[in-house]
Amino acid sequence: MLSGRLRERGLRVTQQRMAVLEYLLTTPRHPTAEEVGSAVNRAVPTASRASVYNVLHSLKESGLIEELVLDDAVARYDANLDRHHHFICRACGAVKDVPFETFREAPRPRLAEGHIVEDYTVTMRGICPGCAKG
Ligand SMILES: [Zn+2]
């Protein structure tokens with residue numbers, strides 16, 4: 001339950017938080033704040049741009065969503081909290097999830113001495129199947 005997830009993290013349940021979280025859990029799109037705003041406004045027409053930013057911030061702070069900054073230096077939001085990588089289509093701009101296992105066997109990069117790698121994600125760029133056909 002969405003309201004349970006919010007309460008578990010100590011967040012008050014509001015219509016806007018529910019609408020934003022629900023959207024992020026159901027879209028594969030990795031939307032920007034702007035895109036979240038326009039989607040949520042269809043459900044909760046009172047959500048101002050500032051309140052959408054506040055909601056995204058509180059969900060991020062409480063660990064319910066992650067913020068990604070990919071090539072375009074725009075923050076995107078992801079409710080998939082499992083470790084995963086991303087594939088970006090350079091034709092349509094779609095950002096897709098790639099299972100973490102895909103790179104499990106990949107060699108760890110050798111970094112200068114003193115670095116301890118605790119986690120890593122890979123961002124792949126290319127053409128998605130839909131665009132490759134066209
Ligand atoms: Zn993702």
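Derivation of every value follows stated rules applied to the coordinates shown; laboratory data play no part. Just so we're clear, the structure is a prediction, and the values are computed from it rather than from any experiment. Positions of Cβ are generated from backbone atoms using ideal geometry, with glycine treated the same way; all protein chains shown enter the neighbour counts.
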Which one of ALA75, ILE65, THR32 is farthest out on the positive end of the charge dipole of the stretch 2-78, using unit charges on Cβ (Lys, Arg +1; Asp, Glu -1) and the Cα centre as origin?
ILE65
Mind checking the log10 I(q)/I(0) for the chain at q = 0.16, 0.18, 0.21 Å⁻¹? Debye, one equal scatterer per Cα, no solvent, two decimals.
-0.90, -1.05, -1.24
Where the eigenvalues come from the Cα gyration tensor of the stretch 1-56, what are the semi-axes √(5λ) of the equivalent ellipsoid, largest first, in whole Å?
18, 13, 10
Taking Rh as the Kirkwood radius computed over alpha-carbon pairs of the stretch 84-133 and applying Stokes-Einstein at 4 °C with viscosity 1.567 mPa s, one gets a diffusion coefficient in µm² s⁻¹ of 103 µm²/s
Output the 0 to 90 degree angle, nearest 10, between the alpha-carbon long axis of helix 49-61 and the longest principal axis computed from the alpha carbons of the chain.
60 degrees
Inter-site label distance for ARG42 and ALA73 at 7 Å from Cα along Cβ, in nm:
3.1 nm
What does the helix-only formula give at 222 nm for the chain: each DSSP H stretch with n ≥ 4 adding -39500 (n - 2.57), the total divided by the residues, and the result rounded to the nearest 500 deg cm²/dmol?
-10500 deg cm²/dmol
Using alpha carbons only, how many degrees (0 to 90, rounded to 10) separate the axis of helix 15-26 from the longest principal axis of the chain?
30 degrees
Over the chain, relative contact order from alpha-carbon pairs under 8 Å, at least 6 apart, %:
20 percent
